[in-house]
Each structure stands twice: as C-alpha cells, then as structure tokens.
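As structure tokens, the structure follows; a few thoughts come after it.
The values are calculated or read from the model by the stated rules, or taken from the named source; none is laboratory data. Please read all numbers here as calculations on a predicted model, not as lab measurements. Note: ideal-geometry Cβ built from the backbone for every residue, glycine included; neighbour counts use all protein chains shown.
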Amino acid sequence: MNKKAFLTKEKVEEIVKTYPTPFHIYDEKQIVENARNINKAFSWNKGFKEYFAVKATPNPFILKLLKEEGCGVDCSSLTELMMSEKCGFSGEEIMFSSNVTPAEEYVKAKELGAFINLDDISHIDFLEKHAGIPEKICCRFNPGGVFSLGTDIMDNPGDAKYGMTKEQLIEAFKILKSKGAKHFGIHSFIASNTVSNEYYPTLAGILFELAVELKNETGADIEFINLSGGVGVNYKPDQEPNDIFVIGEGVHKKFDEILVPNGLGDVKIFTEMGRFMLAPYGALVAKVLHEKKIYKDYIGLDACAVNLMRPAMYGAYHHITVLGKENEPCDHKYDVTGSLCENNDKFAIDRMLPKIDIGDYVYIHDTGAHGFAMGYNYNGKLKSAELLLKEDGSVQMIRRAETPDDYFATFDFCDILK
Ligand SMILES: *Cc1c(COP(=O)(O)O)cnc(C)c1O
C-alpha cells in the first residue's frame with residue numbers, strides 16, 4: 001500500500017505563485033468527511049460529542065470548520081480557551097482538560113461555562129478557592145501499570161503525570177458532592193497514537209466498569225464518559241488505518257454490556273481526538289534547495305524542524321512523496337534535512353526515494369495534527385503559512401507566514417531592534 005498525496009506537482013506549482021514554500025496545507029473535504037464519519041460511528045449514543053483537541057491544530061479556521069460539523073473543543077491553556085471563545089464555542093461545547101493548571105485558567109474556563117476536568121484530587125481545593133466548584137465536573141483517571149492490547153504494550157500510564165488513582169477518584173467524587181457538584185464526568189487518556197481498533201473499546205470497558213463502581217460507592221450522577229484522544233493514524237504506508245466504524249461499534253458493545261444493565265444507559269460518550277481528526281488531512285510542502293554528498297547523501301529543504309518537529313523530537317516517521325515522481329523507482333537513499341544547526345533536524349534518515357533534483361517539491365505526509373502546532377523559532381527560523389484546500393479546489397490562506405517583525409515583536413519594549 002502506498003500513501004497518496006492530496007496535491008499534484010501541477011497544483012503546487014500553481015499555489016507557490018501566491019504562497020511560497022514551505023507551507024502546511026489542509027484538505028477541507030477530507031476533514032469534513034472524517035468528522036461526519038465519526039459522528040455517524042457514534043450516532044447510537046444520544047449525547048455523543050467529539051471535542052477536538054485544540055493543541056493538535058490551533059487554527060481558528062479549522063476550529064470553525066469542525067464546529068459546523070457539530071464538534072466541541074478540548075482546551076488546556078488560557079490561549080486555547082480564548083481562541084475557542086472567539087470562534088463561538090461556549091458552555092458545554094468546551095472541555096477543559098488541563099494539568100498543572102494556573103488559577104487564571106480555571107477562572108476563564110468557569111466563566112465560559114466549560115466542563116472542567118480535574119487532573120488531581122488536590123485541585124478540588126484550588127478550584128474552589130479560585131473559581132468555585134461548578135455543578136458539573138469531570139475527573140481524570142490514571143489506571144497505573146502498563147496498558148496492553150493483547151500481547152502489545154501500548155503505553156505506560158504508571159509513568160505518566162496525568163490523572164488520579166482509583167482510590168483518589170472515589171474520594172474526589174465524595175468531596176465534590178459535598179461541595180455542591182451534582183453531575184459528573186470521567187476521563188482517561190492512557191495510550192497515544194494507537195493504530196488499533198481495540199484501543200477505545202478496551203478503554204471504554206475500563207471506564208464503564210469504573211463508572212458503575214463510582215455510582216455504587218458514591219451515589220454520584222455520572223453524566224458523561226470522556227474517552228479522550230489517542231486514536232492514531234497510519235503514518236507508515238504498511239500500517240492498516242483505524243476504522244472508526246469498527247471502533248464506534250466496539251464501544252457500543254461495551255456500553256450495552258456494562259452501562260445499560262447497571263442503569264447507566266443515558267451516559268453520554270465524549271471523545272477528544274486531535275490526531276485522528278486532522279493528521280492525515282494535512283501536509284507540509286517544501287522545496288529542495290541543496291543536495292550535498294559527503295559520507296551520505298543529503299537533501300536540504302526550505303523547511304526545517306521549526307515547521308515539523310515530530311521527526312526531530314521522537315524520531316517519528318513521516319512519509320515523503322517527491323511530487324511529480326510518484327511513479328519513479330525509489331532507488332536513491334537520502335537523509336532529508338532542514339537547515340537548523342542541530343543534527344537531529346532531519347525529516348527522514350536513510351530513506352529510499354526517487355532521484356531528487358534541486359527545485360523538486362517534497363510533500364511530507366500526515367502533518368495535519370501536532371505538526372505546525374509544535375513549531376518553535378530556533379535559529380530565528382520563522383513559522384510558515386497554513387493553507388486550506390477548499391472543496392472547490394481553491395486555496396485559502398488560514399494563517400500567514402511569520403515575518404522578521406513577528407520574531408522581533410517581543411522586544412517592542414525597547415528601541416534596539418526598531
Ligand atoms: C493531546 C490530548 C488529546 C488529543 O490527543 P490525540 O493523540 O491527538 O488524539 C486529547 N486530550 C488531552 C487531554 C490531550 O492532552
């Protein structure tokens with residue numbers, strides 16, 4: 001199986017007349033289709049809502065697009081809350097799943113009427129002191145240990161900073177009830193980028209059992225269960241992509257097995273996906289500036305880790321298509337690099353690709369989530385524009401590229417750089 005770019009070389013040649021490389025570009029049609037499929041896959045649940053994890057692609061045009069498809073937002077910082085508010089999200093359309101939370105962020109979330117998701121039992125007093133305890137509140141669970149699906153170890157929640165133990169969760173619900181909370185949610189995020197249709201159903205099973213126990217032990221009214229993010233995408237061409245319909249049915253089965261017989265058939269299912277919502281529908285397009293041959297062959301792009309950090313940070317795989325050479329044999333081995341003075345600034349290492357020429361356009365796949373967003377400004381490199389490929393084939397700029405003035409803006413209190 002090969003990965004197909006949603007742009008051709010001809011289309012990129014047309015786009016660069018207006019918007020030079022590098023840029024991130026998102027495919028509106030596929031984003032909308034995918035959001036509709038998710039809502040369809042969970043339509044068996046009356047209260048289902050996907051709260052898009054803003055941190056994955058914090059762009060107001062994307063947030064508004066998802067809002068039209070019925071999505072809410074999952075925020076974890078003040079600026080994410082502010083952006084969501086400006087995009088028209090309010091009240092129960094906002095989930096605030098933060099950790100190590102400053103007081104002002106709880107105040108803002110409470111003011112917006114967002115669902116507040118407490119990461120720790122000690123935050124009950126903190127929230128009460130600074131913002132007050134709302135009537136609806138959510139608590140985050142960490143099951144500890146190692147999380148496996150079958151024989152595959154997926155992640156290590158026992159080593160993760162998030163959430164509360166089960167004992168703390170029971171205690172937290174009792175305390176919150178005594179402080180006036182009336183309706184409760186449960187949240188957990190225990191494995192990231194799971195390329196398996198089993199992750200959500202397995203997590204749902206754990207959280208549904210927990211909900212029954214919490215109801216029995218504390219008498220709390222459980223209003224929703226938030227499966228959070230973690231549904232992954234097939235970054236590698238040989239991976240089988242997740243099937244959201246199989247996932248939705250898997251959760252449905254657990255719901256009918258565990259919640260319905262325990263009088264919890266009205267519980268709403270929430271998700272907070274970021275990666276699965278956007279990653280495959282975004283790409284980073286860059287131009288080949290240089291080729292260098294020393295002990296290895298290097299292809300140098302006009303993009304760097306500032307534009308896409310995942311390979312440098314995690315050694316993450318991102319598939320690369322050399323536009324216009326889709327059908328040529330991959331018989332050349334390259335390291336594809338950016339320009340940072342950092343040797344880990346490589347989009348690919350020892351990658352077999354078609355013969356690359358200076359001036360070629362390189363399409364880096366699956367950058368729609370946790371791509372642009374992770375960018376930084378090392379070496380004074382500037383962040384790129386973000387573009388939206390509209391359903392009618394036109395291209396809209398949804399964020400301009402940074403300029404040197406943006407980079408110098410935080411020195412505007414003095415005259416040196418004026
Ligand atoms: C990052 C994050 C998400 C989204 O995760 P994905 O892997 O992008 O689906 C959802 N909820 C919380 C609390 C997160 O921190």
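The table below gives the values:
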read-out: Given (1) surrounded by fewer than 20 Cβ atoms within 10 Å (Cβ to Cβ); (2) under 23 Å from the mean Cα position of the chain (by Cα); (3) not in a loop (DSSP other than H, G, I, E, B), number of the condition PHE347 does not satisfy; value: (1)
read-out: Residue pairs meeting the criteria (Cβ under 8 Å; at least 6 apart or on separate chains; first part of a helix (DSSP H, G or I) and acidic (Asp, Glu), in the range 70-88; second surrounded by fewer than 23 Cβ atoms within 10 Å (Cβ to Cβ) and at pLDDT 95 or above); value: GLU80/LYS55; GLU80/PRO58; GLU85/LEU112
read-out: Qualifying positions in the range 173-224 - of a type in the set (Phe, Trp, Tyr), within 16 Å of the ligand (Cβ to nearest atom) and touching a strand residue (DSSP E or B) at 6+ places or on another chain (Cβ under 6 Å); value: PHE224
read-out: Test for ASN99: is it surrounded by 18 or more Cβ atoms within 10 Å (Cβ to Cβ) and of a type in the set (S, T, N, Q); value: no
read-out: Residue in the range 14-22 that is of a type in the set (Ser, Thr, Tyr), touching a residue at least 12 places away in the same chain (Cβ under 8 Å), within 18 Å of MET277 (Cα to Cα) and surrounded by 14 or more Cβ atoms within 10 Å (Cβ to Cβ) present; value: no
read-out: Meets criteria (closer than 23 Å to VAL251 by Cα and surrounded by fewer than 17 Cβ atoms within 10 Å (Cβ to Cβ)) for SER90; value: no
read-out: Qualifying helices (runs of 4 or more DSSP H) (wholly inside the range 173-281; at least 2 residues being of a type outside the set (Ser, Thr, Tyr) and out of contact with any helix residue (DSSP H, G or I) (no Cβ under 8 Å at 6 or more places or on another chain)); value: 199-218, 244-254
read-out: Selection from the range 185-228 of residues that are of a type in the set (Phe, Trp, Tyr) and more than 21 Å from VAL260 (Cβ to Cβ); value: PHE189, TYR199
